[in-house]
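Sharing a structure with you now.
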Amino acid sequence: MKPVPLIGPRRAPWWRHAVVLGAAVHTARIGRRLRAPHAAVRAQETAFAALVRGFAATDFGRSEGISPGMPYNVFRARVAPRRYEEHAPWIERMKRGEADVLWPGHCRYFAVSSGTTAGRTKYLPVTEPMLAHFRRAGLESLCYYARRAGNARVFRGRHLFLGGATTLSPLPEAAPHAAWAGDLSGITALHLPGWAEKYLYEPGREIATMADWPEKIRAIAGRTAGADITLVGGIPSWLLILAEELRRRTGKVSLSEVWPRFECLVHGGVPIAPFAEELRAATGPQVNFHEVYPASEGFIAAQDSDAAAGLRLIADAGIFYEFLPLARYDERRLGELAAEVVPLAEVRSDTDYVLLMTTPAGLCRYVIGDVVRFVGTEPPRLIYVGRTKLQLSAFGEHVIELEVTDAVTEVAARHGLKVANFHVAPRFPDPAAAVPRGRHEWWIEFRAGVTEMPKPETLAADLDRVLQRLNDDYEAKRRGGGLERPLVHAVAEGTFERWLKARGKWGGQNKMPRCRSDREIADELARLAP
């Protein structure tokens, strides 16, 4: 496999200058649009009007009484919010090659997703307008970075993305129409604009087809060790593995030494806090972090300011967003909650919302399972706080994923530890075993290199104190005697890797569920841990 030729600053050909100039012009255009008052709300109104026109021409739209020009208030009252289960029968018809089911025409691609590694497999339609959404939102997210940086120099080199395999599986049930299923990042990589694939995209088509992640990382390191990489994107855990492989291969301490013009690390999919210090050491101090919020259902938001300001909702790329207050959420009675759902124009800061999406892939008022909180509404910036199913509330404590992540990050930093992975679950009362009250049970894998590991009891006490500070309901349960102090297991290196591999979820965009209100994962970890 031939390495990518080094494109140094003194050898840049004319087309490289053209790419940078084009990106600068596009970034300036986006900046003007973002500065317009209430731009996001107006963009959402435009998206809604286009979407109802599309749904009106489908079997689903006709069954729901959706018509072109339908006002939003009528849509909100008439069409119930839905989970994947309610969309699944319609998606199965699309997979069988039927046209005009959820969206006009045939659908050729389906993104395979479980939402989290513990969930059931989902097939999410990816129509041509949906591919256009991902291209537009992906480019816009990079322009957000260029706007923050004050220049478009990040486009002068190549962009390395650690995405899923581009090898797709044919769906025989779609015959005589051709349809394929696979990882969303692989589908979108196959449909990059020609100029992006030619001048920016790494690791190239051949490596992109690989599904064996350790082998893929080695191949990427071999191909890019001498390349002019200015941007890298991926899941933090795999970024660290790539950095280690490149250190081993080149003898360099940081990625900035391997790639002198490397300036932007794009991360998303999981909270970065447990990995931030290690990633900073791996990349080098001058590299900027750029957070994005992608999902298989759509590219939702990207950082356009300081990290503390949250992520700006990408409101003008064809998806219509709605928000249901988490306090009102009950998946068993979604059909009764239609009136509780609000559009972007009605959201408030500092309220946790369940996110709903209506997309040009045919998902309508789709509850994707994410919970977000707006930091500000003009412009709309939000943070991801967890999943509707990934919460700790077996005892009424209502602890969310963001809080357990913040807690373990703070405690690990206090003791000089680096977290590789973790999971939290309830430990239920068991009178027969003289356990009268419930508690939280933590499974934490730390990275090697610690001189002295604190006792599990010390970690448990620290986690308990931090969670009481972060969550009033948890504090009330602890002070009232409804919960015992948590139990902590510091598991051996490789425990979570074995769990992920056993699930067939090792590598790519797969994410480890951080917490659940049941013991489905915890009991499996208990069997794996020595």
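Restricting the search to segment 179-197, which residues are of a type outside the set (Val, Ile, Thr), part of a helix (DSSP H, G or I) and in contact (Cβ under 8 Å) with a residue 60 or more places away in the chain?
184, 185, 195, listed by residue number.
Between a first residue in segment 299-310 that is over 13 Å from residue 374 (Cα atoms) and touching a residue at least 60 places away in the same chain (Cβ under 8 Å) and a second residue that is of a type in the set (A, V, I, L, M) and in a strand (DSSP E or B), which pairs have beta carbons less than 6 Å apart while being 6 or more apart in sequence or on different chains?
Pairs found: 302/292; 302/311; 303/311.
Can you pull out every residue in segment 330-348 that is in a loop (DSSP other than H, G, I, E, B) and touching a Lys or Arg at 6+ places or on another chain (Cβ under 8 Å)?
Within segment 330-348, 337, 341 qualify.
Just checking, does segment 316-323 include any residue being over 30 Å from residue 98 (Cα atoms) and not assigned by TED's automatic domain parsing to the domain that holds residue 485?
The answer is yes, given that some residue of segment 316-323 is over 30 Å from residue 98 (Cα atoms) and not assigned by TED's automatic domain parsing to the domain that holds residue 485.
Another question, then. Going by the structure shown, is residue 348 charged (D, E, K, R) and under 27 Å from residue 30 (Cα atoms)?
yes
Among the numbered criteria (1) more than 30 Å from residue 33 (Cβ to Cβ); (2) crowded, with 19+ Cβ neighbours inside 10 Å, which one does residue 382 miss?
(1)
Can you name every residue in segment 331-363 that is without any contact (Cβ under 8 Å) to a residue 40 or more places away in the chain and surrounded by fewer than 20 Cβ atoms within 10 Å (Cβ to Cβ)?
332, 333, 336, 340, 342, 346, 348, 349, 350, 351
Please state which of the following conditions residue 406 fails to meet, knowing it meets all the rest: (1) surrounded by fewer than 20 Cβ atoms within 10 Å (Cβ to Cβ); (2) modelled with pLDDT of 90 or more; (3) within 20 Å of the chain's Cα centre (by Cα); (4) not hydrophobic (A, V, I, L, M, F, W, C).
(2)
I would also like to ask the following. Whether any residue in segment 127-141 is part of a loop (DSSP other than H, G, I, E, B) and either in contact with a Cys (Cβ under 6 Å, 6 or more places away or on another chain) or outside the structural domain of residue 262 (by TED's automatic domain parsing) (or both) is what I want to check.
Checked segment 127-141: at least one residue is part of a loop (DSSP other than H, G, I, E, B) and either in contact with a Cys (Cβ under 6 Å, 6 or more places away or on another chain) or outside the structural domain of residue 262 (by TED's automatic domain parsing) (or both).
Quickly run through segment 157-174 and pick out the residues that are buried (at least 20 other Cβ atoms within 10 Å of the Cβ) and either of a type in the set (D, E, K, R) or part of a helix (DSSP H, G or I) (or both).
Across segment 157-174, the qualifying residues are 158, 174.
The values are calculated or read from the model by the stated rules, or taken from the named source; none is laboratory data. Source: prediction; values computed, not measured. Because the Cβ atoms are built from the backbone with ideal geometry, glycine has one as well, and the counts that use them run over all protein chains shown.
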